[in-house]
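The structure appears right after this line, and notes come after that.
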Amino acid sequence: MQSKTVAFHTLGCKLNYSETSTLSRMLEADGFVKKDFEEHADVYVINTCSVTENADKECRQIVRRIQRRSPEATVVITGCYAQLKPQEIAQIPGVDLVLGAAEKFNLSHHLSDFTKGDSAKICSCDIEDINDFHSSYSINDRTRTFLKVQDGCDYNCSFCTIPLARGHSRSDSIEGVLHNVKELATSGTKEIVLTGINLGDFGKGIEGGKKNEESFYKLIQELDNVQGIERFRISSIEPNLLRDEIIQFVAQSQKFMPHFHIPLQSGSNKILGAMRRRYRRELYAERVAIIKKLMPHCCIGADVIVGFPSESDEDFKETFDFLHQLDISYLHVFTYSERANTLALDIAPVVPVHIRHERNKLLRNLSYQKMQYFAQQHNGQTRKVLFESVQKNGLMEGYTDNYIKVHTPYRGEWVNQLVDWNL
């Protein structure tokens, strides 16, 4: 009997990539043969995001592509969009199975029970009922491994659907994380990126009642002692949870890279209040100043949302000017999009879409200038670069410890190796 084939596609964050990789390994262990997403397969799994409206649209477009290529294939939709709008997804022509947050890691069971029919089957539950933590990590997909150590969020930012899609904040245990890290070390992984929805909240919701004993600070202390892993990165951490002790620890660590990604969302305190963020711009500036005092060479990235309801020209200028003078290295810029069941829908006035796009372009240009300036500050320095396995047009790329991207003609012996590089 010929093995069934499966192909995966991931939309959204690093956490989704870690989960897709884990789902892939689970199905391969059950006898499925993994195929590239652009090839014909018996089963297609789309792990979705729903942070923006574009992610929803992209999911629908991908299903249409599959229908044209492989109309007999089974199409499974899981991830955040599947949890938030299962009925809407079930109406998309070509979708066979919709798995909510609680059923994602039961994918193999659902496929074994599934018979393709006229209508999509929905397997979901109330997000309040989700308390389990499923550890996940990406491997073989990229040189760097994304390791999920935390999931869910107890914050209620007015623009965000993630608590509705992923549930309450909950974590792996330090023991569980160390087990995965040691396993990854034996596989040859050199760099691990710690990921979560609200990473600094690590320690909450641990099974076995350890939540008062474990914290993100204790986790990184333990990880610093693991043999076989050369580098750790902290993917994204809220400014109010980025404590001085964490910054000081990274500053003296040989394994934790001088690189922080700290969501800002707005440089206007008025807008931060409307967003229901748990800090003000003064705290953010203070975090950046402490990092740069201890690690002048540190790379700092920020998330920013433009066009949030009630954001006036003056509010945006305040954000632009704040970011311009702030000693950060790059921005991830998001254009606000309306999401169902969020408090932001009740905030007025609404910013016209064309103005949102104009503001996005201005901040993306600023981000480019900041990254260029940051890289130029290190010209002439020698820093270690970990090279990726991907080859593009005869070139390979890698990142320095402080996240400066380097390109060079492809050399197979440099893949997954730390190389001294003169910038």
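The values are calculated or read from the model by the stated rules, or taken from the named source; none is laboratory data. Keep in mind that what you see is a predicted model, and the values were worked out from it rather than measured. Ideal geometry is used to build each Cβ from the backbone, glycine not excepted, and the neighbour counts take in all protein chains shown.
Values computed for the structure shown
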| quantity | calculated |
| --- | --- |
| Complete set of residues in the range 90-101 that are touching a Cys at 6+ places or on another chain (Cβ under 9 Å) and surrounded by fewer than 19 Cβ atoms within 10 Å (Cβ to Cβ) | I92 |
| I271, sole failed condition from (1) touching a helix residue (DSSP H, G or I) at 6+ places or on another chain (Cβ under 6 Å); (2) closer than 20 Å to C153 by Cα | (2) |
| Answer from P309, P239, P263 - the residue that is over 22 Å from the mean Cα position of the chain (by Cα), part of a loop (DSSP other than H, G, I, E, B), at pLDDT 95 or above and not hydroxyl-bearing (S, T, Y) | P309 |
| Residue within the range 221-239 that is closer than 28 Å to D126 by Cβ, in contact (Cβ under 8 Å) with a residue 40 or more places away in the chain and not small (G, A, S) present | yes |
| The range 243-260, subset assigned to a helix (DSSP H, G or I) and touching a residue at least 12 places away in the same chain (Cβ under 8 Å), residue farthest from L223 (Cα to Cα) | D244 |
| Number of the exception - V177 against (1) free of Cβ contacts under 8 Å to residues at least 12 places away in the same chain; (2) touching a helix residue (DSSP H, G or I) at 6+ places or on another chain (Cβ under 8 Å) | (1) |
| Considering residues of the range 5-36 that are part of a loop (DSSP other than H, G, I, E, B) and at pLDDT below 90 only, the residue farthest from F114 (Cα to Cα) | C13 |
| Residue check for V75: out of contact with any Pro (no Cβ under 6 Å at 6 or more places or on another chain) and part of a strand (DSSP E or B) | yes |
| Residue match in the range 147-157 (condition: in contact (Cβ under 8 Å) with a residue 12 or more places away in the chain, more than 22 Å from G203 (Cβ to Cβ) and either part of a loop (DSSP other than H, G, I, E, B) or in contact with an Asp or Glu (Cβ under 7 Å, 6 or more places away or on another chain) (or both)) | no |
| Extreme residue, modelled with the lowest pLDDT, among residues of the range 37-51 that are crowded, with 20+ Cβ neighbours inside 10 Å and not in a strand (DSSP E or B) | V51 |
| Residue under evaluation L147, criteria (1) surrounded by fewer than 17 Cβ atoms within 10 Å (Cβ to Cβ); (2) modelled with pLDDT of 90 or more, criterion not met | (1) |
| Residue identified as closer than 28 Å to L323 by Cβ, surrounded by 15 or more Cβ atoms within 10 Å (Cβ to Cβ) and of a type in the set (V, I, T) among I229, I192, I237 | I237 |
| Residue in the range 115-137 that is surrounded by fewer than 21 Cβ atoms within 10 Å (Cβ to Cβ) and under 30 Å from E397 (Cβ atoms) present | yes |
| Selected residue (only one of G188, G228, G205, G176 is in a helix (DSSP H, G or I) and farther than 22 Å from F374 by Cβ) | G176 |
| Hey, S158 surrounded by fewer than 23 Cβ atoms within 10 Å (Cβ to Cβ), at pLDDT below 90 and in contact with a helix residue (DSSP H, G or I) (Cβ under 9 Å, 6 or more places away or on another chain) or not | no |
| First in the range 335-362 and in the same structural domain as C160 (by TED's automatic domain parsing), second anywhere and among the acidic types (D, E), Cβ under 8 Å, 6 or more apart | none |
